[in-house]
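Encoded as structure tokens, the structure appears first; notes follow it.
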Amino acid sequence: MNQVFSEKRIKNQMIKNRFVLPPLVTFNFSENGFVNERKLNHYKQIANNGIGMIVVEATAVHPNGRLSDDQLGIWDDKFIPGLRKLADVVHKADCKVLIQIHHAGAKTKVTGLEDIVSASDYKNARALSLKEIQDIILDFKAAALRAEKAGFDGVEVHGAHGYLLTQFFSLKSNKRNDNYGGSFENRIRIAEEIYKEIKRVTSNDFIIGIRMGCNENSLNESKRFAKTFEKIGYDYLSVSTGLDASQIEKPTHFPYHWIVYGGSEIKKAVNIPVIGVYKIKDKEQIEYLINENLLDFVAVGRGQLADYNFTKHLRNNEKILTCLECNPCQWRIDGSKCPRQRQVRQKNAN
Ligand SMILES: Cc1cc2nc3c(=O)[nH]c(=O)nc-3n(C[C@H](O)[C@H](O)[C@H](O)COP(=O)(O)O)c2cc1C
Ligand code: SF4
């Protein structure tokens, strides 16, 4: 039986189908970290197509941990009213909505900011003191509390893609010799403490997920990370890449990308739901991954940026406006520069 449009629970919340919008920053769709009409419209259009869950883009827990001056913010209560509007437009479409909470660490890029921090002296960053680590853990907690106040169904802690948490997880970037470095238990400690702090202040139904790498040091160690995240209490895992894009080996018979393979291997290691991602773009691929129980949820990122109606087209067996895999994706600079979005605008104008 085709399970793609079947419900599945994450914690106590029912997700109406197996499609997820993974977090995708849309820098030029906000100003000074606030949600604006453009941002609302962006998420509304995707939600209206019948997707099960949206994870709103990486949102900064501290102004000095931002990826860009225009990154969405959640470090102050002043952001709550705008975030509430965002949660509301998605909920109106009967779609669950989470928000990814994020600190960029050594990848921070804020105009005029020179004091960049990381797990250790790494690239252009300096090592955080123990007190500063505690402060950042509290920033994540305060961010999650604001997310719940704004009406989100949960948060996704960003533990992937080379940002601060991966700088703690990875042996390549973490050279500390205190309680936050060295052994596996020490390197994962920051994610454990973030979970515990969030849990203390949010309600029982509030989802706390984590995005992680399937290549964090190795696939084997990533499985250990996954099992430990489950043991700590995280409600789901979204599997992508870790500190960097070092490839893991994938058997030749596995038909999709190694990151998707990593997700499917991690699924075998845990009992909580697993979201997989990377260049998943058509009905056949999605049905295979879900119906063969290789993943619990499939995240389609650029595919939904290129075609806002992706879920609707898929459900109705209509033609999808496939992502052209531009390099780099124009959405990183300006969503309106995406050639597929331009095509739709031109068609609508004619
Ligand atoms: C424009 C753009 C913005 C992204 N922003 C985020 C982000 O905020 N947080 C995150 O975890 N991943 C981010 N990613 C990675 C995506 O969530 C996803 O993992 C990646 O695009 C691969 O999936 P896809 O092949 O379906 O696009 C971003 C990717 C793109 C192209
Ligand atoms: S800019 Fe290119 S890569 Fe990015 S979503 Fe559009 S078509 Fe895909």
* Asked: Only one residue in ASP139, ASP135 is charged (D, E, K, R) and surrounded by 14 or more Cβ atoms within 10 Å (Cβ to Cβ), so which one is that?
  -> ASP139
* Name the residues in the range 102-122 that are within 23 Å of THR59 (Cβ to Cβ) and exposed (fewer than 13 other Cβ atoms within 10 Å of the Cβ), would you? -> LYS109, THR111, GLY112, ASP115
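Please determine, by comparing only the residues of the range 329-340 that are outside any helix (DSSP H, G or I) and more than 8 Å from ligand 1 (Cβ to nearest atom), which one is nearest to LYS279 (Cα to Cα). I'd like the intermediate steps shown before the answer.
Narrowing the range 329-340 to residues outside any helix (DSSP H, G or I): 329, 333-334, 338.
With more than 8 Å from ligand 1 (Cβ to nearest atom) added as a condition, the list becomes 333-334, 338.
Details: ILE333: 20, ASP334: 20, CYS338: 17 Å.
Looking at residues that are outside any helix (DSSP H, G or I) and more than 8 Å from ligand 1 (Cβ to nearest atom), I get CYS338.
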* Scan the range 266-286 for residues that are farther than 26 Å from ASN316 by Cα and in contact with a Cys (Cβ under 7 Å, 6 or more places away or on another chain) and report the count. => 1
* To do: Those residues that are at negative phi and among the polar types (S, T, N, Q), I need them from the range 197-217; list them, please.
  => THR202, SER203, ASN204, ASN215
* List the pairs whose first member sits in the range 324-348 and is acidic (Asp, Glu), whose second member is modelled with pLDDT of 90 or more, and whose Cβ atoms are under 8 Å apart, counting only residues at least 6 apart or on separate chains? -> GLU325/LYS279; GLU325/ARG302
* To do: Find the helices (runs of 4 or more DSSP H) located wholly in the range 176-295 whose residues include 2 or more that are over 30 Å from VAL117 (Cβ atoms), and list them.
  => 258-269, 283-291
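Quick grid of which residues meet (1) farther than 24 Å from ILE133 by Cβ; (2) of a type in the set (Lys, Arg):
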{"site": "GLU197", "(1), (2)": "no, no"}
{"site": "ARG200", "(1), (2)": "no, yes"}
{"site": "ASN217", "(1), (2)": "no, no"}
{"site": "SER264", "(1), (2)": "yes, no"}
* **Candidate set: the range 159-203, residues that are of a type in the set (A, V, I, L, M) and over 17 Å from LEU138 (Cβ atoms); chosen: the one surrounded by the fewest Cβ atoms within 10 Å (Cβ to Cβ)** => LEU171
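Can VAL25 be described as assigned to a strand (DSSP E or B), at pLDDT 95 or above and within 23 Å of PRO328 (Cα to Cα)? Break it down into steps so the answer makes sense when it comes.
Numbers: assigned to a strand (DSSP E or B): no; at pLDDT 95 or above: yes; within 23 Å of PRO328 (Cα to Cα): yes.
Here the answer is no, as VAL25 does not meet what is asked.
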* Within the range 310-324, is there a residue that is closer than 25 Å to MET14 by Cα and either acidic (Asp, Glu) or within 14 Å of ligand 2 (Cβ to nearest atom) (or both)? -> yes
* What residue, of PHE29, PHE34, is more than 13 Å from ligand 1 (Cβ to nearest atom), among the aromatic types (Phe, Trp, Tyr) and more than 25 Å from THR241 (Cα to Cα)? -> PHE34
* Among the candidates TYR278, TYR288, residue that is within 9 Å of ligand 1 (Cβ to nearest atom) and free of Cβ contacts under 8 Å to residues at least 40 places away in the same chain -> TYR278
* Asked: Which ones in the range 295-328 are touching a Pro at 6+ places or on another chain (Cβ under 7 Å), near ligand 1 (Cβ under 9 Å from one of its atoms) and of a type in the set (A, V, I, L, M, F, W, C)?
  -> ALA299
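Can you tell which of PHE254, PHE225, PHE297 is crowded, with 22+ Cβ neighbours inside 10 Å, more than 16 Å from ligand 2 (Cβ to nearest atom), more than 20 Å from ARG18 (Cα to Cα) and not polar (S, T, N, Q)?
On the way: PHE254 fails: crowded, with 22+ Cβ neighbours inside 10 Å; PHE297 fails: more than 20 Å from ARG18 (Cα to Cα).
Result: PHE225 is the single residue among PHE254, PHE225, PHE297 that is crowded, with 22+ Cβ neighbours inside 10 Å, more than 16 Å from ligand 2 (Cβ to nearest atom), more than 20 Å from ARG18 (Cα to Cα) and not polar (S, T, N, Q).
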* What is the one condition in (1) without any contact (Cβ under 8 Å) to a residue 24 or more places away in the chain; (2) crowded, with 19+ Cβ neighbours inside 10 Å that GLU216 does not satisfy? -> (1)
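The values are calculated or read from the model by the stated rules, or taken from the named source; none is laboratory data. Quick caveat, the model's predicted, so the values are computed rather than measured. With ideal geometry, Cβ positions are generated from the backbone for all residues, glycine too; neighbour counts draw on all protein chains shown.
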